[in-house]
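A short worksheet on the structure shown next.
The values are calculated or read from the model by the stated rules, or taken from the named source; none is laboratory data. Keep in mind that what you see is a predicted model, and the values were worked out from it rather than measured. Heads up, the Cβs are rebuilt from the backbone with ideal geometry, glycines too, and the neighbour counts pull from every protein chain shown. These area figures cover heavy atoms from the full protein model, side chains too; ligands, DNA and RNA do not enter into them. Shrake-Rupley method; radii C 1.70, N 1.55, O 1.52, S 1.80 Å.
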Amino acid sequence: FLGAGKPPMYGDYEAQRHWQEITYNLPVRQWYFNTSDNNLLYWGLDYPPLTAYHSFVCAYIAKLINPDWVALHTSRGYESQPHKLFMRTTVFVADLLVYIPAVILYCFSLKETSAKKKASTCALCILLYPGLILIDHGHFQYPLSLGLALWAVLCLSHDWDLLGSVAFCLALNYKQMELYHSLPFFCYLLGKCFKKGLKGKGLVLLAKLAGTVLVSFAACWLPFCTDVEQIMQVLRRLFPIDRGLFEACMFSSPTHCLDKVANIWCSLSVLIKIKNVISPRTQLKLSFAVTFLSLLPACIKLTVQPSLRGFKFALVSCALSFFLFSFQVHEKSILLVAVPVCLIINEIPFMATWFLLVSTFSLLPLLLRDGLLLPYAVTTPAFLAACLASFSILEKTSAEDLQLKAFSLSLKGYVSWVKYFPRIVRSLFFLSLALMAALSVLGAALPPPQRLPDLFPVAVAGLSCLHFLLFLGYFNVVILWDSKNRGQKKIS
């Protein structure tokens with residue numbers, strides 16, 4: 001694990017262990033406050049209540065096995081093989097109980113993959129996605145928020161809107177980064193209400209949804225609702241806007257700086273030192289405005305024409321907008337885009353596979369710091385091989401296969417280039433793979449120049465950001481040109 005055996009912070013593994021220590025030994029009212037027993041500068045809780053409750057459950061089990069693992073103060077920096085086994089087991093159990101069943105049930109519920117063989121290969125490719133494996137089990141994170149979000153999507157795909165709302169509220173109350181997915185959920189359900197009519201069934205559904213959300217949030221936040229100061233303190237911990245545009249984690253060390261994220265602000269900062277030019281408050285307003293404008297087209301289309309297919313594509317587009325343009329983005333946040341992309345891998349296997357490979361590559365500097373080069377080098381080609389075998393992705397590069405048929409028809413005079421489109425796309429794909437492979441080898445094998453110590457992380461972030469901007473344009477084109485021209489004659 002990153003930071004293992006390195007005081008004073010010891011890394012993310014210690015963060016999860018410390019949260020278990022705090023939640024088990026201190027009363028709820030002290031979990032988010034700075035006290036003599038809870039130094040917030042040492043991995044203070046900064047996730048919503050459901051994360052804290054999960055830490056408490058893990059701590060209760062840990063206490064039964066070995067009280068030293070969660071002993072107040074004296075367990076700081078505790079590392080042993082039995083404890084590592086226990087902590088890894090908690091992640092694996094979370095996978096087995098929440099994330100993996102959601103993936104399997106989702107794949108078997110797809111109409112396009114009704115055959116068991118196709119559904120199983122689709123599930124295999126999603127579960128082999130390297131980014132989630134490397135972050136959850138290598139960097140040490142729990143997959144519960146993403147798993148709950150998948151359950152929410154699964155529920156909505158069966159028209160279980162209230163159950164889906166509960167599942168997503170739980171996801172949001174586990175990690176606040178699920179805000180990346182919140183607008184598509186809101187717009188899709190609101191659009192359904194409009195479609196049913198706000199003077200009849202639509203109004204009833206809207207009232208039920210509002211009540212469900214309120215009850216779900218109230219249940220999660222009940223122990224913190226004793227007074228307003230408790231609520232405000234939790235919110236301050238969840239949204240530390242005073243840290244600035246880039247600084248997502250106040251515990252970052254010089255060897256783990258978060259200004260190499262593959263989003264637009266970090267990429268621009270190579271040319272323009274945004275932190276020196278714009279005040280923190282202006283940075284916040286600017287990032288909010290750009291994020292809002294970038295996701296507005298997809299949200300409007302989804303509200304006006306709600307469909308399950310549009311909802312899944314909007315999840316991708318909106319999450320990618322948040323990653324590229326929003327405030328305080330971490331490298332790991334790309335998983336919030338990658339998991340929705342996994343949901344459409346059966347519809348656009350070529351572009352989905354390409355995106356998932358780039359998203360894993362964007363994590364390379366973090367993975368190298370974690371000592372995860374070998375797992376990265378093994379899981380990434382394995383994932384590509386699985387997608388090639390399962391979906392024959394290189395044969396699905398036509399404008400129709402990439403859901404661009406309607407868009408290409410709208411270009412009218414430019415239709416002649418469509419016959420060259422598959423060859424162009426495949427060439428770009430191979431060029432992309434070659435660049436990512438080259439940077440992976442160079443970043444792992446060669447020391448950076450003394451004058452440019454961050455050369456390779458910056459190159460990885462810049463190349464990944466360029467890919468993500470192009471993907472954002474692509475997904476928005478698919479969303480905005482969807483359905484209107486779907487029945488038109490096939491382009492020769």
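Observations
- Unmet requirement for L293, which otherwise passes all of (1) modelled with pLDDT under 95; (2) over 28 Å from T51 (Cα atoms); (3) open to solvent by 30 Å² or more (accessible area, probe 1.4 Å): (1)
- Verdict on L315 being under 18 Å from L363 (Cα atoms) and either at pLDDT below 95 or among the aliphatic types (A, V, I, L, M) (or both): no
- Contact map, region 328-342: residues that are under 12 Å from L132 (Cβ atoms) paired with residues that are of a type in the set (D, E), Cβ distance under 8 Å, separation 6+ or inter-chain. Pairs shown: L336/E178.
Results for (1) in contact with a Cys (Cβ under 6 Å, 6 or more places away or on another chain); (2) within 21 Å of L343 (Cβ to Cβ); (3) in contact (Cβ under 8 Å) with a residue 12 or more places away in the chain, shown as yes or no for each residue.
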site: Q176; (1), (2), (3): no, no, yes
site: L179; (1), (2), (3): no, yes, yes
site: L183; (1), (2), (3): yes, yes, yes
site: L189; (1), (2), (3): no, yes, yes
site: K208; (1), (2), (3): no, no, yes
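- The sole residue among L469, L452 that is part of a helix (DSSP H, G or I) and either surrounded by fewer than 19 Cβ atoms within 10 Å (Cβ to Cβ) or not small (G, A, S) (or both) is L469.
- Region 197-213, residues that are in contact with a helix residue (DSSP H, G or I) (Cβ under 8 Å, 6 or more places away or on another chain) and open to solvent by less than 50 Å² (accessible area, probe 1.4 Å): G197, G202, L205, L209, T212
- Residue satisfying condition, being hydrophobic (A, V, I, L, M, F, W, C) and within 30 Å of R309 (Cα to Cα), within set V153, V91: V153
- Residue list for region 26-63, restricted to those being small (G, A, S) and either modelled with pLDDT under 90 or out of contact with any helix residue (DSSP H, G or I) (no Cβ under 6 Å at 6 or more places or on another chain) (or both): S36, G44
- Any hit, region 64-80, residues being within 26 Å of I126 (Cα to Cα), of a type in the set (A, V, I, L, M, F, W, C) and modelled with pLDDT of 90 or more: no
- Test set (1) part of a helix (DSSP H, G or I); (2) open to solvent by 10 Å² or more (accessible area, probe 1.4 Å) - D159 fails condition number: (1)
Conditions (1) of a type in the set (V, I, T); (2) modelled with pLDDT of 95 or more; (3) open to solvent by less than 70 Å² (accessible area, probe 1.4 Å), marked per residue:
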{"residue": "K195", "(1), (2), (3)": "no, no, no"}
{"residue": "P223", "(1), (2), (3)": "no, no, yes"}
{"residue": "T226", "(1), (2), (3)": "yes, no, no"}
{"residue": "E229", "(1), (2), (3)": "no, no, no"}
{"residue": "L245", "(1), (2), (3)": "no, no, yes"}
{"residue": "A248", "(1), (2), (3)": "no, no, yes"}
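- For F323, the conditions (1) open to solvent by 10 Å² or more (accessible area, probe 1.4 Å); (2) under 11 Å from the mean Cα position of the chain (by Cα) all hold with the exception of (1).
- Hits in region 115-162 - residues which are without any contact (Cβ under 8 Å) to a residue 12 or more places away in the chain and on the phi > 0 side of the Ramachandran plot: D159
- Criterion violated by V378 - all others in (1) over 24 Å from the mean Cα position of the chain (by Cα); (2) open to solvent by 40 Å² or more (accessible area, probe 1.4 Å); (3) not small (G, A, S) satisfied: (1)
- Residues that are in contact with a helix residue (DSSP H, G or I) (Cβ under 8 Å, 6 or more places away or on another chain) and β-branched (V, I, T), drawn from region 351-379: T353, V358, T360, T379
- When region 66-87 is limited to residues that are loosely packed, with under 14 Cβ neighbours inside 10 Å and not β-branched (V, I, T), the one that is nearest to the chain's Cα centre (by Cα) turns out to be L85.
- Applying the condition of being closer than 15 Å to I424 by Cα and polar (S, T, N, Q) to region 389-406 and asking which residue is most open to solvent (accessible area, probe 1.4 Å) yields S398.
- Hey, K63 farther than 24 Å from G11 by Cβ, of a type in the set (K, R), more than 23 Å from the chain's Cα centre (by Cα) and open to solvent by 10 Å² or more (accessible area, probe 1.4 Å) or not: no
- Failed criterion for T353 (all others in (1) among the polar types (S, T, N, Q); (2) open to solvent by 10 Å² or more (accessible area, probe 1.4 Å); (3) closer than 22 Å to A102 by Cβ; (4) within 22 Å of the chain's Cα centre (by Cα) hold): (2)
- Evaluation of G487 against (1) closer than 23 Å to K312 by Cα; (2) modelled with pLDDT of 95 or more (one fails), failing number: (2)
- Evaluation of I135 against (1) touching a Lys or Arg at 6+ places or on another chain (Cβ under 7 Å); (2) surrounded by fewer than 17 Cβ atoms within 10 Å (Cβ to Cβ) (one fails), failing number: (2)
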